[in-house]
Amino acid sequence: MKMKNLSKQLFQRSMLLLLLFLVIIGFLQTSLIYLYRENQRKSEVTSYLHALQQTKNLFGEGEPLAEKATELAEDMISDANIIFYASSGEKQMIHINRVFLKDKQTATYTEPVYYEGKAIGTIEVIYSIHESLELMFTQLIIYVIASIIILLLAWLVYKRMLRKTLDPLDRVIASVSEVVVSNLDEPIVIADAQADIAKLVDSTNELKARLHDSFQTIEENQRKLQQFVSDASHELKTPLTTIRGYSEILLRGKLDNPERIRYSLESMLDQTKRLTNIVNELLELSKLDRKVEMGKTELNLNDVLEELFPLLKMIQEGREIKLRLGEVPNVLMNRNKIEQVILNIVQNAIFHSDKKTPILMRTYYENEKVIMAITDYGEGIAEEHLPLIFDRFYRIDTDRSREIGGTGLGLAICQDIMHAHNGEIKLQSILGKETTFFILFPRMND
């Protein structure tokens, strides 16, 4: 569908409105002229009747009214024909204006005549309206000519004014048409723009800023996806290579050494378990990414920790685990998932701290948050690693050693689980002294 130009539409509609305005004004003007003439005639008739009724010896001898009625008519309304119809039925021609006797464009006014409080008859006044119509027609012609001149002037002036007014809008359109991904961070600047166009520019700049942020997010997600695929491939490659190597050894017929066979099979089993763990953790992350709804119930974090504490003591490897429980309100949680988070963080604390140092677990309520803090007094984490610690497959050791046997997905899963609970995990660490993970739950709405 062909779209009309905005300036052309505004110009056409403005001209139509102006034309309609001129037509209405012209109609009102001619109507007011006619009404004025009519009121003037009625006023003359009213004045004549008033003067007639104030006349002494109004009745004549030969005519129903005295000659005084004719004299008054000649003085006050000489341009009309006046006829008196007496109550007795007699008719008297009071005044005759022979100038317009042949004029058929007339108007008649009939009024009762009272004398000394009694109705004595009626007066019929016949006016010519030729002059009024001629005046109206003359005024109409003048007004039409004036309207045409006004329209021409408006066409010349308004078109230029409209072009100047819409110039900022054209510049906005031109600027928007030049928007590409590379200049989304450059705001559109239109000088001397009207208030509405300035709002449009501000809205467009806000849209550009959101698009710029979205593209940056997409690029960052693509970068993370590429890194994720690379890391996942790297993690899967080692166990697969190991399994393939031992399988080839066994297939070559090296079956004369039972110990070697057993060692090969045990290594293959270990690597298979490692593959299984990686696949399970990837599936877990996939569910969290798809925001699969997890069932949540109202529970108290202290109760969960107390029931989980015997299991924590079993994996503590002979070290002391201190539990300090503060008074905290209930929160909504998926118990199994939260226990998974706690176990993962405690295991990290065990792996990265000395057996002689304790692990401290605390709960408290602060700033509308229910918080569990897990502190270990081990090797700590360097500051440059803190922003990346929850990234998938990220491990602090630069050579990505696997001495501990982890996949680098545990903390990423824990953070995603907390995000699914509208919470988060924060981290504070002093290198060589201690590390504290803060698990934050939002307070339930009352």
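Using R₀ = 35 Å, calculate the FRET efficiency as 1/(1 + (r/R₀)^6) where r is the Cβ-Cβ separation of Ile145 and Asp202; round to 0.05.
Efficiency for this residue pair is about 0.15.
If you take all C-alpha pairs in the stretch 335-385, what percent of them are over 17 Å apart?
47
Please name which of Ile188, Thr108, Pro64 has its Cα lying farthest along the dipole of the chain towards the positive end, using unit charges on Cβ (Lys, Arg +1; Asp, Glu -1) and the Cα centre as origin.
Final value for the positive-end residue is Ile188.
Any chance you could look up the accessible area of Glu298 with a 1.4 Å probe, heavy atoms only, rounded to 10 Å²?
110
Determine the gain in length on full extension of the stretch Ile430-Leu20; use 0.36 nm per residue of separation and subtract their C-alpha separation, reporting nm with one decimal.
139.5 nm
Hey, any idea what the orientation-averaged projected area of the convex hull of the chain's Cα atoms comes to, in nm²?
Seen from a random direction, the Cα hull of the chain projects 49.8 nm² on average.
Just to make sure I understand: if all protein chains stay in place, what is the order of Glu38, Glu368 by accessible area at 1.4 Å, largest first?
The most accessible residue leads, giving Glu368, Glu38.
Can you tell me the 0 to 90 degree angle between the C-alpha axis of helix 67-76 and the longest principal axis of the chain, rounded to 10?
40
When DSSP assigns beta bridges and you keep just the ones with both residues in the chain, what percent turn out antiparallel, to the nearest 5?
Of all bridge pairs located within the chain, approximately 90 percent are antiparallel.
Under 18 Å from a point 7 Å along the Cα-to-Cβ line of Glu131: which residues of the stretch 75-97 have their amide N that close?
The answer is 75-82, 95-97.
Taking only the C-alpha atoms, wrap a convex hull around the stretch 82-187 and report its volume per residue in Å³ as a whole number.
Spelled out: Cα convex hull of the stretch 82-187, divided by residues, is 243 Å³.
How far is helix 195-251 tilted, in degrees, relative to the longest principal axis of the Cα atoms in the chain, given as a value from 0 to 90 rounded to the nearest 10?
20
Need the full-extension length gain, Asn39 to Met314, defined as separation in residues times 0.36 nm minus the C-alpha distance. One decimal, nm.
Taking 0.36 nm per residue and subtracting the Cα distance, the gain is 87.7 nm.
Taking a threshold of 29 Å on the Cα-Cα distance, which of the pairs Lys237/Lys313; Lys337/Lys369; Lys273/Lys296; Lys208/Lys337; Lys322/Lys433 fall above it?
Exceeds cut-off: Lys237/Lys313; Lys273/Lys296; Lys208/Lys337.
Relative to the longest principal Cα axis of the chain, at what angle does helix 6-53 sit, 0 to 90 degrees, rounded to 10?
Once rounded, the angle reads 30 degrees.
Mind putting a number on the dipole of the chain about its Cα centre? Charges go on the C-beta only, +1 for Lys and Arg and -1 for Asp and Glu, and I need it in Debye to the nearest 20.
Using Cβ point charges on Lys, Arg, Asp and Glu, the chain gives about 1400 debye.
Can you tell me the length gained on complete extension of the stretch Ser31 to Gln222, counting 0.36 nm per residue apart and subtracting the Cα distance?
61.1 nm
Can you tell which of Gln40, Leu133, Thr122 lies farthest toward the positive end of the dipole of the stretch 25-140, using +1 and -1 charges on the Cβ of basic and acidic side chains (Lys, Arg; Asp, Glu)?
Value computed over the given set: Leu133.
Compute the distance in nm between two label points, each set 7 Å from the Cα along the Cα-to-Cβ direction, one at Asn57 and one at Glu90.
If labels sit at Asn57 and Glu90, their model points lie 1.7 nm apart.
Any idea how far apart Leu269 and Leu211 come out in nm if each label point goes 7 Å out from Cα toward Cβ?
6.0
With every protein chain present, what accessible area does Glu379 have (1.4 Å probe, heavy atoms only), rounded to the nearest 10 Å²?
Per-residue accessible area (Glu379): approximately 100 Å².
The values are calculated or read from the model by the stated rules, or taken from the named source; none is laboratory data. Only a predicted model underlies this, so the values are computations on that prediction, with no experimental measurement involved. All Cβ positions, glycine included, derive from the backbone under ideal geometry; neighbour counts span all protein chains shown. Ligands, DNA and RNA are stripped out before the accessible areas are found, and what is left, the full protein with its side chains, is counted by its heavy atoms. Shrake-Rupley method; radii C 1.70, N 1.55, O 1.52, S 1.80 Å.
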